[in-house]
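Only the coordinates and a few stated rules stand behind these numbers; no lab work does. This structure is a prediction, so every number in the text was calculated from the model and none was measured. Glycine gets a Cβ as well: all are built from the backbone with ideal geometry, and neighbour counts include every protein chain shown.
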Amino acid sequence: MSSSANSFLKRRISRQSVIQWADNVVTVGGDAPVRVQSMTNTDTADAIGTAIQVKELARAGSEIVRITVDTPAAAAAVPSIRDQLDKMGVYVPLVGDFHYNGHTLLKDYPDCAQALSKYRINPGNVGQGAKRDVQFSQMIEMACRYRKPVRIGVNWGSLDQDLLAKLLDENAASSHPKELREVMAEALIQSALQSAARAEELGLDGNQITLSCKVSAVQDLIAVYRDLAKRCDYSLHLGLTEAGMGSKGIVASTAALSVLLQEGIGDTIRVSLTPEPGAPRENEVIVAQEILQTMGLRNFTPMVIACPGCGRTTSTYFQELASRIQTYLRHQMPIWKKDYPGVEAMNVAVMGCIVNGPGESKHANIGISLPGTGESPAAPVFVDGIKVKTLRGDNIAEEFQVIVDEYVKNTYRA
Ligand code: SF4
């Protein structure tokens, strides 16, 4: 009846990297579950604001949080951010996102280099020409010195221009030239693989390298990662870059990531949503969790199954109940997680009428079927497939919540 994270999806075999802060060890790749990560959008130099947002992302379930480290002020603030998080008991690993000047910042701010649990290096933004290898090498040397894993994160929008120019020249001279997007895809992959090989040559443990090749179009992302996955065994971070706002961003990310995850590709994911005014940053964490949970890859919080409603629904009461129950379950999770192992796999059905209500309710751990038009004003409740009660009157929501609480306590008690 309950859905649990399952093993029917065969994962690509990858090396495992270890990201750590204090006693919190987060493995990525190998037999680790697909990890959820996110990124702050605060000015990192604002240590308090950044620490608060990191805490919120971590509390929402982000297992790794990336912060921009772009200026000396940002690098100087990192140890203080780490300190504040530690004082709040938030030991989520922090990843420093470096572009252009990472080699200098890591060298000049050793406390920052130490306080971060991982470095993200964009090979397209570490310098051009002769400087490129020197500056990349300096960053890898810091990773080796501080024993930090690295994500080599290539991005369509900031490709290594020397490599791209070389591949374009070769393509122009070829008797079977490829389309521009294919050449760019190859440049992305080669940039990631060559950088990883160079990092290993410089002494970085290959297990500690994660790769990403982000693009903003769904089909391109799928094609790039399929190819990348075949050509290496590094752990892979998935994300559709610049996915967009609102439903467009959610749908595009879900479409791209789901195809790849279904094929076993991807060891960690981020859903990059352009924040809508007033929307909490944690939304990207919730969407990432929901992608993994609806695909049966992981369980994070009890799921509510609700029908969309139609002309048979007498009011919006059942949608309100579904929303209320989903919010309640999510808020209860931090408490339940400690005391009721497995509760995150629970399913709750909230249905609008007799057509699919009882059937769907019987398939859930707990289900309620509210009365539709022409039905008697009664809401049968099903527990593990059996009708146990019929609720009536004005307090259906409260009474249903009590039934959910009792079920959790009786079924999942450690
Ligand atoms: Fe409509 Fe009933 Fe189906 Fe809900 S369960 S969509 S109310 S027919």
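Can you list the equivalent-ellipsoid semi-axes of the range 303-412, largest first and in whole Å, using the square root of 5 times each Cα gyration tensor eigenvalue? Mind dumping the intermediate values first?
On the way: eigenvalues 111, 36, 29 Å².
Semi-axes from the Cα gyration tensor: 24, 13, 12 Å.
Using helices alone, what [θ] at 222 nm do you get for the chain, with -39,500 (n - 2.57) per DSSP H run of 4 or more residues, divided over all residues and rounded to the nearest 500?
It lands at -14500 deg cm²/dmol.
Spin-label point model (7 Å from Cα, Cβ direction): what's the N24 to D169 distance in nm?
In this crude spin-label approximation the distance works out to 4.7 nm.
Let me make sure I get this right: for the range 190-249, a, b and c are the square roots of the gyration tensor eigenvalues over alpha carbons, sorted descending. Under 1.5 in a/c it's rounded, otherwise prolate if a/b > b/c, else oblate. Which is it?
Cα axes put the range 190-249 in the prolate bin.
Which net charge results when you count Lys and Arg as +1 and Asp and Glu as -1 among the other residues whose beta-carbon is under 9 Å from that of P149?
So the environment of P149 carries a net charge of +3.
Can you work out the PRE-style zone for A73? Point 7 Å along Cα to Cβ, and I want the residues of the range 38-60 with backbone N under 20 Å.
Counting backbone N atoms under 20 Å from the label point, the list is 40-54.
Remind me, relative contact order of the range 303-412 in percent, using alpha carbon pairs under 8 angstrom and six or more residues apart?
Reported as a whole number, the value is 23 percent.
Pairs K148/K214; K389/K409; K338/K387; K87/K338; K87/K118: which are spaced more than 26 Å apart, C-alpha to C-alpha?
Violating the 26 Å Cα-Cα cut-off are K338/K387.
Hey, got the dipole for the chain? About the Cα centre, +1 on K and R Cβ, -1 on D and E Cβ, debye to the nearest 20?
With only Lys, Arg, Asp and Glu charged at Cβ, the dipole is about 640 debye.
Based on the alpha-carbon gyration tensor of the range 16-295 and its eigenvalue square roots a ≥ b ≥ c, which shape applies: rounded if a/c is under 1.5, prolate if not and a/b is larger than b/c, or oblate?
oblate
What relative contact order, as a whole-number percentage, does the chain give when Cα pairs under 8 Å and 6 or more residues apart are counted? The partial results should precede the final answer.
Numbers: 812 pairs, mean separation 60.9, N = 414.
About 15 percent, as a whole number.
If you average the sequence gap of Cα pairs under 8 Å that are 6 or more apart and divide by the length of the range 137-204, what percent do you get for the contact order?
52 percent
Based on alpha-carbon centroids, what's the gap between the range 292-315 and the range 349-385 in Å, whole number please?
Using only Cα atoms, the two centres lie 14 Å from each other.
Considering only DSSP beta bridges whose two residues both sit in the chain, what percent are antiparallel, to the nearest 5?
Just about 30 percent of them are antiparallel.
Please give me the summed charge of the neighbours of E263: other residues whose Cβ is under 10 Å from its Cβ, Lys and Arg +1, Asp and Glu -1.
Details: positive: K10, R11, R12, R226; negative: none.
After counting each charged neighbour, the total is +4.
Compute the separation of the alpha-carbon centres of the range 212-255 and the range 97-113 and state it in Å as a whole number.
The two parts, judged by their Cα centres, are 27 Å apart.
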